[in-house]
1. Cα to Cα, under 17 Å, and not fewer than 8 places away if on the same chain: which aspartates and glutamates meet these conditions relative to Lys20?
2. Which one, Leu39, Leu69, Leu17, has the greatest fluctuation when you compute a Gaussian network model over the chain with C-alpha springs under 10 angstrom?
3. Using only protein heavy atoms and a 1.4 Å probe, report how much of Tyr62 is accessible, in Å² to the nearest 10.
4. For the range 83-124, what D do you get in µm² per second when you plug the Kirkwood radius from alpha-carbon pairs into Stokes-Einstein at 25 °C and 0.890 mPa s?
5. Grab every C-alpha pair in the range 37-124, bin the distances at 10 angstrom width from 0 up to the longest one, and report whole percents.
6. Expressed in nm to one decimal, what extension gain is obtained for the pair Leu27 and Gln49 from 0.36 nm per residue of sequence separation less their Cα-Cα distance?
7. Select from Ile111, Thr18, Ala101 the residue farthest towards the positive end of the dipole of the range 10-124; place +1 on Cβ of Lys and Arg, -1 on Cβ of Asp and Glu, and compute about the Cα centre.
8. Got the relative contact order for the chain handy, in percent, Cα pairs under 8 Å and 6 or more residues apart?
Amino acid sequence: MIKKFLQNAKSRFSNTLTYKVTMTINLIFVVFCVLLTLLYIIGNYQNFQDSSQQIILFFLSYVSIFSTLLSTLLLIESIVKIFTEKYKVKNIIYSVLLLLAIIFCIFSTGIAGIISYLSTGISQ
C-alpha cells in the first residue's frame, strides 16, 4: 500500500505543471536572447543609432542573467529527476539542452557587458 502510494506521488511530481511552465518560460527567454543577439548584429550592419544599440545590450544582459539563473535551477531539477524517475532519456536531453542554454547565456552576458563598457568610452 505504501509502495503504491509512493509510486503515485513520484509520477505526480514528475508531471508537475510548474516544471513544464518554467521550462517553457526558460525557452522563451533563451529564444529572446538569441533574437536580441541577432538584432544587435543586424543593427551594426544597418547603422542603428548608438542609443538603440545600448538599449539592446541592456536588455540582452539582463535577460541573459535571468535565463542563466532559471536554466541553472532547472538543470538541478533535471539532474534530480534523472536519478528519481524512470524516463531518464527525456531528462538527459533536457539537461544537455539546459547546459547549452547556460553556456550561451553566460557568453552573451559577458559579450554584452564588454561591448557596453567599451562603447561608453573613456569618461573624465
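The values are calculated or read from the model by the stated rules, or taken from the named source; none is laboratory data. Because the structure is predicted, anything quoted here is derived from the model rather than measured. Heads up, the Cβs are rebuilt from the backbone with ideal geometry, glycines too, and the neighbour counts pull from every protein chain shown. Accessible surface is based on the protein model in full, side chains and every heavy atom, while ligands, DNA and RNA are left aside. Shrake-Rupley method; radii C 1.70, N 1.55, O 1.52, S 1.80 Å.
1. Candidates past the 8-residue exclusion: Glu77, Glu85.
2. Of Leu39, Leu69, Leu17, the Gaussian network model singles out Leu17 as fluctuating most.
3. 140
4. Rounded to a whole number, D works out at 190 µm²/s.
5. Percent of pairs per bin, in order: 17, 36, 23, 15, 8, 1, 0.
6. 5.0 nm
7. Thr18
8. Relative contact order of the chain: 30 percent.
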